[in-house]
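These notes concern the structure reproduced below.
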Ligand code: FES
């Protein structure tokens, strides 16, 4: 495949960026999107140009490090992570636009790399339990209702990639935050901090400058892990419940 790439290049956080056009050839349909960018970067390095900076780690769809807007969609045309997107979903001769996540709370570090540490600070505000857990307990040591276990597992799938924020016209982090709140709040182990968790995490989310939710649903559509939109309503109920009980 031969492709035309229009990629956002930005030398640093305080430097203006712009779209730069590159031609890349010899791309196999079996390559991942990141391998395609690797191919481009090898060519750029060989001719003495700066390679395109982009985030990645596992390349297996589990760490959440990779993330870019491809042809206007977070992670591109398939509902998966960028590292799991394969070039077979594009046509020979295509022109592909590649941009970083666009959100005020995710400032650009360089090219396609953004600073997602705002998510870490939200997690630090309550995305944990303080009960000593030790090593893996026997499965029946703490009875967990099947429905609660399934809900917790579904929400634990969030990898914090930030696609929900990038897809939302408000730059809202409600889906991410609700995944983390619901994951722990439905479990018995999360019970002691149930009220403070939701209050602290929502306050941290607001302090980071993420936008509010207006129910457009773009976040859940873009989420590569299928975190459901009703998670946000569940978090709002947790927030209301906590508020009515004094907030902590
Ligand atoms: S590099 Fe880990 S999810 Fe893509």
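What follows draws every value from the coordinates through simple rules; no lab data is involved. None of the values given here were measured: they were computed from a predicted structure. All Cβ positions, even for glycine, are placed from backbone atoms using ideal geometry, and neighbour counts span all protein chains on display.
Here are the numbers for the structure shown:
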quantity	calculated
Order of 21, 216 under a 10 Å beta carbon neighbour criterion, fewest first	21, 216
Computed over the chain, the ratio Rg/Rh where both radii use C-alpha atoms and Rh is Kirkwood	1.03
In nm, spacing of pseudo-spin labels at residue 140 and residue 14 (7 Å Cα→C-beta vector)	6.4
Rg [Å, one decimal], Dmax [Å, integer] - the stretch 166-248, C-alpha atoms	12.5, 36
For the chain, calculated [θ]222 nm from helices alone, where every DSSP H run of n ≥ 4 adds -39500 (n - 2.57)	-10000 deg cm²/dmol
Taking all pairs of distinct alpha-carbon atoms in the stretch 91-194, Kirkwood radius in angstrom	16.1
Residue exposure sequence - 129, 70, 227, 159 - by fewest surrounding Cβ within 10 Å	129, 70, 159, 227
Where only C-alpha atoms are counted, convex hull volume of the stretch 3-110 per residue in Å³	104
If the convex hull is drawn through the Cα atoms of the stretch 94-147, its volume per residue in Å³	228
Of 221, 95, 130, the one that fluctuates the most in a GNM where the chain has Cα springs shorter than 10 Å	130
Likely footprinting exposure, 99, 42, 35, 238, fewest C-beta neighbours within 10 Å first	42, 35, 99, 238
Förster radius 51 Å - calculated FRET efficiency between residue 2 and residue 104 (Cβ-Cβ, nearest 0.05)	0.90
